[in-house]
Structures are given as C-alpha cells and as structure tokens.
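Below is one structure, written out as structure tokens; comments come after it.
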Amino acid sequence: MATFAVSGATLGVARPAGAGGGLLPRSGSERRGGVDLPSLLLRKKDSSRAVLSRAASPGKVLVPDGESDDLASPAQPEELQIPEDIEEQTAEVNMTGGTAEKLESSEPTQGIVETITDGVTKGVKELVVGEKPRVVPKPGDGQKIYEIDPTLKDFRSHLDYRYSEYRRIRAAIDQHEGGLEAFSRGYEKLGFTRSAEGITYREWAPGAHSAALVGDFNNWNPNADTMTRDDYGVWEIFLPNNADGSPAIPHGSRVKIRMDTPSGVKDSISAWIKFSVQAPGEIPFNGIYYDPPEEEKYVFQHPQPKRPESLRIYESHIGMSSPEPKINSYANFRDEVLPRIKRLGYNAVQIMAIQEHSYYASFGYHVTNFFAPSSRFGTPEDLKSLIDRAHELGLLVLMDIVHSHSSNNTLDGLNGFDGTDTHYFHGGPRGHHWMWDSRLFNYGSWEVLRFLLSNARWWLEEYKFDGFRFDGVTSMMYTHHGLQMTFTGNYGEYFGFATDVDAVVYLMLVNDLIHGLHPDAVSIGEDVSGMPTFCIPVPDGGVGFDYRLHMAVADKWIELLKQSDESWKMGDIVHTLTNRRWLEKCVTYAESHDQALVGDKTIAFWLMDKDMYDFMALDRPSTPRIDRGIALHKMIRLVTMGLGGEGYLNFMGNEFGHPEWIDFPRGPQTLPTGKVLPGNNNSYDKCRRRFDLGDADFLRYHGMQEFDQAMQHLEEKYGFMTSEHQYVSRKHEEDKVIIFERGDLVFVFNFHWSNSFFDYRVGCSRPGKYKVALDSDDALFGGFSRLDHDVDYFTTEHPHDNRPRSFSVYTPSRTAVVYALTE
C-alpha cells in the first residue's frame, strides 16, 4: 500500500505570482541595476541565419525463452509520495474507466487537494485560460502484451502490478494536478517566470532553513531579497517591475539562490535555470536570468518534418564537430555540418551534450543544469536557429537526453541542492552510481516526476526537438543497474526483485507524454538488457519506446575484430544481427561514440591500426592491412544496416574511418588512492572531427565516405530497413557467405579472405531481372572493380536455399553486393 508523504507530494503548492510572500513592493529607484556579464550571452549575434521578430515564437526474429520463476514477483517500489487518500480516489477513477468524467462530476476534494489548487496547479491552469488544452490519452488496459508474447503470462503478477502502478500514478496526477499535460509544465511556475507585473522565482528546497535570491541585480546581498517558504518546501519571492516598467532582474545577469541548509550556507543555481555560463577564469558556473527582448528571440520558420519510416541517424557532438582543435559552435554546426549530414543521406541528427554539464570531458552525460542548453557552444537562440535549419533540410533533430542520473557536482548541479542527500535522489548507496560516480534519481518522488517530465516537454516545445535518445535506461530499470550482470534472456531477469518499478513507471509516463502531445516525436531507449515489452506502446502494457538502441551488435563486432576474420562464424553474425523481439523496433549500429573514445578503438583502427597514418594517400602503394581494413569496414557497416534493425546510427566521422580517437582536454588527475593520472595538457587536438580527410579525393578515406553515402541513399530509395519481407537464405561457414533478402533487394556478402566464386547461385523469392544496386568493390569506394555493373541477372525457376527461384553471380572475396529487382 503506497502511502503518500504529503511533504513531497505537491510541489505543486507554490503560491501564484503576486501572492505576496512577505515582500513590500519597491520603487524603481530602490532596485539595483544589473552588472554586465562578459560572456557570449551579451555579444552581438554573428548568426547569419538568425530570424528575429517581435512576433511570438510559436521478417525473422527471435524471442528469448521465458521461464516461470516463483521468486520473480515484482519488486516493491519505495513509497511514492502521493496523498494519503489517493488509493481510494484512484480506485474510484479507474472504475469509471478514466479520469475526465471523475474530474468533471466530483465535488472539490478537501484537504490536500484544496491546498494544491491554491498553488502550482491553479497557477498553471490560469496560464492557459482560453486555450484549447492538449490531453494525453487515457491509459489502456495493458493486456495486449500477452497476445503479442503469450510467454509473458508466466509473469503476469509482475507486469499487471507494474501497469497498475502506472495507472495509479496517472490517476493521481489527473486527480490532483489536472492531468499529465498540466503536470508536465512545471517550468511555467517553478524557477523564474515573468508576468506583466514582475518576476516570480520559486524553488523546491524542503531541506533549507532559509533562502534568498542573490545576483548582479542586488549586488549579491543576501538580505535584500529573502524568500518565504510554504508548508511543502517551496521557497518563493516576487520582484515587481521597476518604476519604468523594466524587469527587476535584467536579462543576461547572474543569479543564484543562497540557502542556509543542514550542510551549511551555500549558493546554488536554480534547478530550473534556463541558461548558465562559466565566466573566463572561474571554476563554478553561474545561473543566468535569460529573458531576451522580443526582437532578440529566434522565431522558427520551418515546420518539423514528419517522422520517416526508417531512421538513419547521424550521432553528433557540437563541440568536437570542427576539423580545428577547438570547441565548435551551434552556428558553425548549423552552417557547416548540417549540409554535410543531408548530403551523406542521413535523415536525422542526434545531438549529444545539449544539457549543460560543468565537466566537458563527461561527453555531456554528467548533467548539472537540466533545462539549460550548453553555453560552450552559443546561446539558446543559436541552438534554435540550428534546429530550424535542420528542419529546413528535412532532418529530424533528436536530443541525447540524460534522465538516468545526474552529476555529483554540488557547486553547479542538483547534488545536495538543499543540503540533504535525498532531495532529488535516493539516499545512501542506492542514490549513488559507483561506476559512473553520479547521483541516481528517486523516481518514486512526486517532485522528481514533475521535474523530469517537465524537462522532456521543455526541450520538445521550447526548442522543437523531434524526439529523444534516452541515455542509460538499463541502469534505470534495475537496482543492479546492469553492472556485472549477464542477461541470458530468462524472463526472471527482467521481472523480479531487481526491477526498479518506480523507474519503469517513469519511463512509461514520459513516453505517454511524448507520444500523447507530439505523436510524431521519436523515443529511443538505450537498453542493453533486452527488456521484453520495451518497445510496445504503453496502452498495450509496454514501456512505450519507439526503438531500442541495439547495443549488442557493436559489442559483437569488437569481439570479432579481436580475432582473425578467418575464424568469423557467419551464423554467429546473423544471429546477433537478427536476435531482436517481434514487433519491437531497433536502431542498430556497428559503432557509436563509445568505441571512438580514448582507451577504445574504432572499427577502422581495429582493422588498419597505425597503417592509417602512412598508407591512406592514393599516390603511394597500399598495404594488405589497408586493403583488408577498407573492404571489411564497408562490409561490416552494410551487413549491420541490412540485417540489424529498423533504424541505423553512425557517429560523426566514423563513416570514413576517422583515424583518431576522442580525447577531451584534461589536466592531471589525482585519484583517492594517491595515484596520479596524467592529462593531455588540456589539448583539443584529439577532440575534433577531421572531416577534411573524408572530403579529400586524394585519400582513401574519401572512398569509404562515398560508400557510406551510397549506402544511405540506397536505403532512402528502397526503404529496406523497414521492409516486411526479410529472409536469410544462406549462412555458409566454409564459403564465408551470407545471403539475405529485404524487400526487392538481395544482399550477397562474401567474407572469404581469398576465395572468389564464379556462377555462385543466389536464391530469391521474386522473379525478374536484377541489377547491381551497390557494390563495395567499386573503384569509387576504394575497391578493385571486379564486377561489371552493366550485366543483367535473370532469375530461373530453379529453387535454391529454400527459395523458389535463383540467379547466378560472381562474388569476389571480401565484397558485398546488393542486387535490386528492376523488372
């Protein structure tokens, strides 16, 4: 039985703007002027594409065998902070089959609900008077998962409990917050909000004893603007406009909240801050009051593209996207990199490290300010301009969002924000990720739900991102975080005491929100465990992601690359690429940013090693290692795209076999043991992408880039990743040949290191004439041109490899050829 500790339940209870808070209005003469911040924020925009206006911005699959396990009852989550009477209210709502009828017909509830309506919920409703509200669809019955996979019935107790928890929390949100749509707009009441009368600042910090707003605007005087606390730990202050009508806090000035906490007096950046900056020569970041005048706000000009049938994702990092050793900008990425991505044939760009992170070398995964775009790359308006340009090019923009953990930084982030260990996070060991050295959210906390759901919505609506890649989802879903754990496919590994039901329910809620308010938005979850139901819609009982990031494929390639390709097993490769759940889509990749980091190797480096530095120029002889490496690099990428899933991902630069690893600028580091790890003299030399190498037609990198481009355009033309027709007809270990069909295409891979085969029979299902659509041995791609592309291949009624028809081909060694049905 869930008890609802009232103290955490209703961050919703901050007073509406102008409610007083114990402050006397000041005249304009009593307000202090802001101090100019010498930062990029205050410089004139150099963006040639900025649009400024006063107007408002507007097959064959495998399913792991399930085994019944009497011990696999659901793990009981921590007590969710919900009102004490919620269980009875929820049951009543569920019995009516929804919440809307209940909310419309019931009398106002007394007690805690009355308090909430005086707080944030009321304030949010007041903000949308006259607007037609958007509503997230009601929950379903959660039972379709048993039709899709009947073996899940052995774990019905866990799955039904999980879904009942989701329904209970949805009903609680409907009952006490006006629905998920209103609940997810916490940013309209918390943090800094502006009205015609002035600025209201609210912060949930129940552990603080006192609080004051400080900043440039009041010369950092902690006695000038003290805040008042309500019964639920929300601190509030209202700052009326100056006498001349200007805001009390100038746009671009620094602000923080100073609190007397159980851990001492501290200055913190608002959890809801929209922008933060690290001034030159300083270590801590400063929160920035970001409210540009209308004429400086970017206005989106282009509609968001419709979600494509198949995703071809170019994974990117703004800072390292320049060929020069520097931190690149949003503006340069917009003007230089986006056209490249479009030309290469990708239809989506996934951007890492958007949420502000104090430590650059964390790759953006140790987030400190969840609502703020990283200031290293430019301003929020610059980011909006980038996204708008991507939409103009027809590219989706996906954000690599981090809700799985938070930086343990106590100066700039959420850790110890109100002086306690349990503010946004679990206390004790459960609240600390020992491998990542970060803090873990308490997904059973009402206010954590509000914070994270609002965060996802903020990026979708303020910046018009087209969806998310959720990082570290495996860590979220299990109390062991997937560490030192081998998932075998036994269902007891997914539906037992190790499952963090609170976290899974949060994922269901956020996917509900994303798809309810933005049906075309894309939701990708990074999960290595293979959690069943992960990509089944929430109303059907699933977790609700559109795609699972198929991480096992990249791991398999690394495993194989440590061996000689003469020992590779064709059946093993095919099994890894096709081992995914029915009706649950995957985004697959041969390598991502993980393999490009210092300490690891890219596929190109595994294959060619140091020869890449001396033998990639076309005006000098190649080496056997280079020839082998280029051939296998192309084959690995094509077979991964051809068999691995319904979406494909590539990390920038890897399409042409980028020769360098990624090493962020860093100084020496002393470990707790006293051991000193040397740095790299804070160099940016290895923190960039040498796009010039792929563009240089006198280097062999160019042929690899041309092949990747041809591969993307082939998928664009034929849509083979999402074709319903998929059949693997040959996995021949002696010949080292793999043959499969997808749609109207037949893929033939000869992985043999020396044997080429004449008159090699290829089975197929559809009769007619076939032509070469893609040939990895083409001279354009750095190959040896051993195939004649003018040859027509006619099928005969000659069954082969369990296919009704076949045709004969010449298949050169270490070559992949795609044949397309033309008649």
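The values are calculated or read from the model by the stated rules, or taken from the named source; none is laboratory data. For clarity, every value in this text was computed on a predicted model and none was experimentally measured. As a convention, Cβ positions derive from the backbone with ideal geometry for all residues, glycine included, and neighbour counts pool all protein chains shown. To get the accessible areas, we keep the full protein, side chains included, count just its heavy atoms, and leave off ligands, DNA and RNA. Shrake-Rupley method; radii C 1.70, N 1.55, O 1.52, S 1.80 Å.
Values as computed for the structure displayed
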item: Spin-label zone in the stretch 547-576 - amide nitrogen under 20 Å from a point set 7 Å from the Cα of residue 609 along the C-beta vector; result: 557-568
item: Protein-only accessible surface order, largest first, of 776, 808 at 1.4 Å; result: 808, 776
item: Per-residue SASA entry for residue 515, accessible area with 1.4 Å probe, Å² rounded to 10; result: 50 Å²
item: Mean separation of Cα contacts under 8 Å, 6 or more apart, over the residue count of the stretch 724-822: relative contact order %; result: 35 percent
item: Entries in 266/686; 562/736; 464/601; 610/771 that, when Cα-Cα distance is taken, lie over 27 Å; result: 266/686; 464/601; 610/771
item: Positive minus negative residues near residue 817 (Lys, Arg vs Asp, Glu; Cβ under 9 Å); result: -2
item: Accessible area (Å², 1.4 Å probe, nearest 10) - residue 183; result: 0 Å²
item: From the C-alpha gyration tensor of the stretch 326-368, square roots of 5λ in Å; result: 24, 12, 7
item: Cα gyration tensor shape for the stretch 256-369, rounded if a/c is under 1.5, else prolate or oblate; result: prolate
item: Per principal axis, descending, Cα span of the stretch 706-797 in whole Å; result: 32, 31, 25
item: Nonlocal amide H pairs with residue 261, under 5 Å, H built at 1.01 Å; result: 209, 266
item: P(r), alpha carbons of the stretch 191-270 - 5 Å bins starting at zero, rounded %; result: 3, 16, 27, 27, 16, 8, 3, 1, 0
item: Measure of compaction for the stretch 411-537 (Cα Rg per 2.2 N^0.38 Å); result: 1.10
item: Nearest-10 value in Å² for the accessible area of residue 796, using the 1.4 Å probe; result: 60 Å²
item: Low-density loop cleavage sites - GluC sites (Glu not before Pro) in the stretch 703-792, where at most 14 other Cβ are within 10 Å (DSSP); result: 724, 733, 734
item: Cα→Cβ-extended label distance, 7 Å offset, between residue 295 and residue 755, nm; result: 7.6 nm
